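Colleague: Here it is, the structure, as C-alpha cells.
The values are calculated or read from the model by the stated rules, or taken from the named source; none is laboratory data. The structure presented is a predicted model; accordingly, all values stated were derived computationally and were not measured. Please note: Cβ atoms are built from the backbone with ideal geometry, for glycine as well, and neighbour counts cover all protein chains shown. The protein model used for the area step is the full one, side chains on, heavy atoms only, and it has no ligands, DNA or RNA in it. Shrake-Rupley method; radii C 1.70, N 1.55, O 1.52, S 1.80 Å.
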Amino acid sequence: MKRFPLFLLLMLPFLSFSPYGKEKGWVSLFDGKTLDGWKAGANAETFTVEDGAIKVNGKVSHLFYVGSVANHDFKNFEFKAELMTLPGSNSGIYFHTAYQESSWPKKGYEVQVNNSHSDWRRTGGLYAVQDNREPPAKDNEWFAVHIRVKDKRVTVKVNDKLVTDYTEPGDVQREENMKGRILSSGTFALQGHDPGSTVFYRKVMVRVL
C-alpha cells in the first residue's frame, strides 16, 4: 500500500482546488487592475475597474475584448467568469461578436445576465434564441458562468449547473433584426444595459478548443 507523506495529509484541508486556478490551457483576459485589451465605443465610462473586478454601470455600451489572445477571434472555446449582479440589474456576455462603436451588437450570440431585472429572460439563456425563465443565481452574491462552444453546440452552466444546451440547426433562419445571431467566430463583449443596472465581472478566462 502506497503511503503519502504526513505533511501532505496535514495540508489537504488547506489546499485550494478552485476552478480558476492554473489549469492547462486557460488564459486570463482581464488583469484585475486595468481594462488593457478591452475597448468600448460610445459611453465608455460605463466600464471601470473596482476591487479587482470590471464594474458595469451607466448608459448603453459594450466592452469588447481586442487583446492578443487568439488575436481576439475565437471559434471553439470555453469561457468562464465570476459575476455579481445588484438587484434589478441586466447585462450580457456576447461571443462570436465584433467591435461596434454604438448600439446593441449585431453579430454573435448573447448569454443573458439577469437575476431580477424586469426583463423576464434570466441568467444563462441565449437571448431571444433559447431563453431561460428561472434565475439560477442570486443578486449580491458571486456566481460562476461557464460558456462552451464546440462547432454547432453551445452549453452554458451557472455554478456548474447546466442552464442551456443548444445546437444550432444547419438551416437556421433568423428574423431581420437578428441576422447576425449565428455561430461563426469572433470576440467577446460585456454589456452595459442601463444606468439602473450594476454588474461586476472578475476572473474572466478563456480556453481555446
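Colleague: Can you tell me which residues in region 36-48 are part of a loop (DSSP other than H, G, I, E, B) and over 16 Å from Met205 (Cβ atoms)?
Modeller: Gly41, Ala42, Asn43
Colleague: May I pose another question? Only residues in region 111-140 that are in a loop (DSSP other than H, G, I, E, B) count as the first member; pair them with residues that are modelled with pLDDT under 95 and basic (Lys, Arg), Cβ under 8 angstrom, at least 6 apart or cross-chain, and list the lot.
Modeller: If the second residue must be modelled with pLDDT under 95 and basic (Lys, Arg), the pairs left are Ala128/Arg181; Val129/Arg181.
Colleague: Continuing with the same structure: Test of understanding: among Tyr201, Tyr166, which residue is closer than 22 Å to Phe64 by Cβ, modelled with pLDDT of 95 or more and of a type in the set (Phe, Trp, Tyr)?
Modeller: Tyr201
Colleague: Inside region 49-84, can you point out the residues that are among the β-branched types (Val, Ile, Thr) and either part of a loop (DSSP other than H, G, I, E, B) or out of contact with any His (no Cβ under 9 Å at 6 or more places or on another chain) (or both)?
Modeller: Residues satisfying the conditions are Val49, Ile54, Val60, Val66, Val69.
Colleague: Condition first: without any contact (Cβ under 8 Å) to a residue 60 or more places away in the chain and either open to solvent by less than 20 Å² (accessible area, probe 1.4 Å) or within 13 Å of Ala189 (Cα to Cα) (or both). Now tell me which residues in region 45-68 satisfy that.
Modeller: Selection gives Gly67 alone.
Colleague: Which condition number does Ala137 fail, the rest of (1) open to solvent by 20 Å² or more (accessible area, probe 1.4 Å); (2) farther than 24 Å from Gly25 by Cα; (3) touching a Phe, Trp or Tyr at 6+ places or on another chain (Cβ under 8 Å); (4) not polar (S, T, N, Q) being met?
Modeller: Of the numbered conditions (1) open to solvent by 20 Å² or more (accessible area, probe 1.4 Å); (2) farther than 24 Å from Gly25 by Cα; (3) touching a Phe, Trp or Tyr at 6+ places or on another chain (Cβ under 8 Å); (4) not polar (S, T, N, Q), the odd one out for Ala137 is (1).
Colleague: Which residues, counting only those in region 141-158, are free of Cβ contacts under 8 Å to residues at least 40 places away in the same chain and either open to solvent by less than 50 Å² (accessible area, probe 1.4 Å) or assigned to a loop (DSSP other than H, G, I, E, B) (or both)?
Modeller: Within region 141-158, Lys152, Thr155, Val158 meet the criteria.
Colleague: I'm trying to understand the selection: among the residues of region 169-208, which are hydrophobic (A, V, I, L, M, F, W, C), open to solvent by less than 60 Å² (accessible area, probe 1.4 Å) and under 26 Å from Lys24 (Cα atoms)?
Modeller: Leu183, Phe188, Ala189, Leu190, Phe200, Val204, Met205, Val206
Colleague: Related question: So Asn71 fits all but one of (1) without any contact (Cβ under 8 Å) to a residue 12 or more places away in the chain; (2) under 14 Å from Val154 (Cα atoms); what number is the exception?
Modeller: (2)
Colleague: Pairs please, first residue from region 93-107 and farther than 15 Å from Met178 by Cβ, second anywhere and open to solvent by 40 Å² or more (accessible area, probe 1.4 Å) and β-branched (Val, Ile, Thr), Cβ atoms under 7 Å, 6+ apart in sequence or on different chains.
Modeller: What qualifies is Tyr99/Val66.
Colleague: For region 78-95: of the residues being open to solvent by less than 10 Å² (accessible area, probe 1.4 Å) and over 12 Å from the mean Cα position of the chain (by Cα), which is nearest to Asn159 (Cα to Cα)?
Modeller: Taking the candidates together, the pick is Thr85.
Colleague: Okay, next question. Considering only region 94-108, I want to know if a residue exists there that is of a type in the set (A, V, I, L, M), in contact with a Phe, Trp or Tyr (Cβ under 7 Å, 6 or more places away or on another chain) and either part of a strand (DSSP E or B) or within 22 Å of Ser184 (Cβ to Cβ) (or both).
Modeller: No, because not a single residue in region 94-108 is of a type in the set (A, V, I, L, M), in contact with a Phe, Trp or Tyr (Cβ under 7 Å, 6 or more places away or on another chain) and either part of a strand (DSSP E or B) or within 22 Å of Ser184 (Cβ to Cβ) (or both).
Colleague: Keeping to region 160-206, report how many residues are under 13 Å from the mean Cα position of the chain (by Cα) and either part of a loop (DSSP other than H, G, I, E, B) or of a type in the set (D, E, K, R) (or both).
Modeller: Residues flagged as under 13 Å from the mean Cα position of the chain (by Cα) and either part of a loop (DSSP other than H, G, I, E, B) or of a type in the set (D, E, K, R) (or both) within region 160-206 amount to 2.
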